[in-house]
Every structure is written in structure tokens, then in C-alpha cells.
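Heads up, the thing below is written out as C-alpha cells.
Each reported figure results from applying straightforward, stated rules to the coordinates on display, with no laboratory input. Treat the numbers as computed from the prediction; the structure is a model and nothing was measured. Backbone-built Cβ (ideal geometry, glycine too); neighbour counts: all protein chains shown.
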Amino acid sequence: MNEFIFLGVGPEPTRLWGGTPLFNLIDGVKLLRFCEEHNAAVLGIEGFKVIGDKRVPDLGCIADFSTLVVAAGENFPEASRKSARCFIDSILDDDILLEFVLVKT
């Protein structure tokens, strides 16, 4: 697996934080569509709130899809994207910004 770099060719992040792309819920779904078009997998997602000049992790908005590598096998990219979409759909706070860890298998 290699990191999937999408900056400059994929959807624009909602915000850059020290060079790290962060996506709101709507833009996160757009990123998942881009991943689908390029068969990229989602290894994990971390949710944050920006409060003043700080990026504060929201421990209720962290998802690790690495177990799907073995469980889903060759279907890992599709399974990870589907799980990521369910995860995003479960977030009720519109102020959450998401950082994605994307890979190509």
C-alpha cells in the first residue's frame, strides 16, 4: 500500500491546517467520490474542531478501517469507502473537519 496523494488533482479541501487538508462533511463526501473514481482506499479518518487557533481532536469522530485490509481482501478499497461514507453520515455536528488517510493498494 502507498499513500494516495490527491492535492492538486482532487477536490479542494475545506481548509488547510499547516499543510494538512481538512474536509467538512460535504467536501468529505466529494473526496470519497474522487477516491471511488481512482480506486483509492480509506485507511482512516480523524475528526477535529477548530477552536480559535487550535485544532482539537473529537474522540467520537475517529474511524480506523485498517482491519478491513484482511477482512475484505481484494475488496478493501470499496469496503473502506462504503464504511467511510457510513461513518460520515453518522456525524451530526456540521462543524467537524475531517482528515483522511488514503492509500492505493
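Below is a table of values for the structure above.
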quantity	calculated
Ranked packing of 79-92, 61-74, 35-48, most packed first, by mean Cβ within 10 Å	35-48, 79-92, 61-74
For the chain, alpha-carbon Rg relative to the globular expectation (2.2 N^0.38 Å, N residues)	1.02
Helical contribution to [θ] at 222 nm, DSSP H n ≥ 4, -39,500 (n - 2.57), averaged over the chain, rounded to 500	-9000 deg cm²/dmol
Cα centre as origin, Lys/Arg/Asp/Glu Cβ charges: the chain dipole, Debye	100 debye
Span from the the range 51-67 Cα centroid across to the the range 1-41 one, whole angstrom	16 Å
Residues whose placed amide H lies under 5 Å from that of CYS61, excluding near-sequence neighbours	GLY47
Nearest 10 degrees, 0 to 90: helix 25-37 Cα axis against the chain principal axis	20 degrees
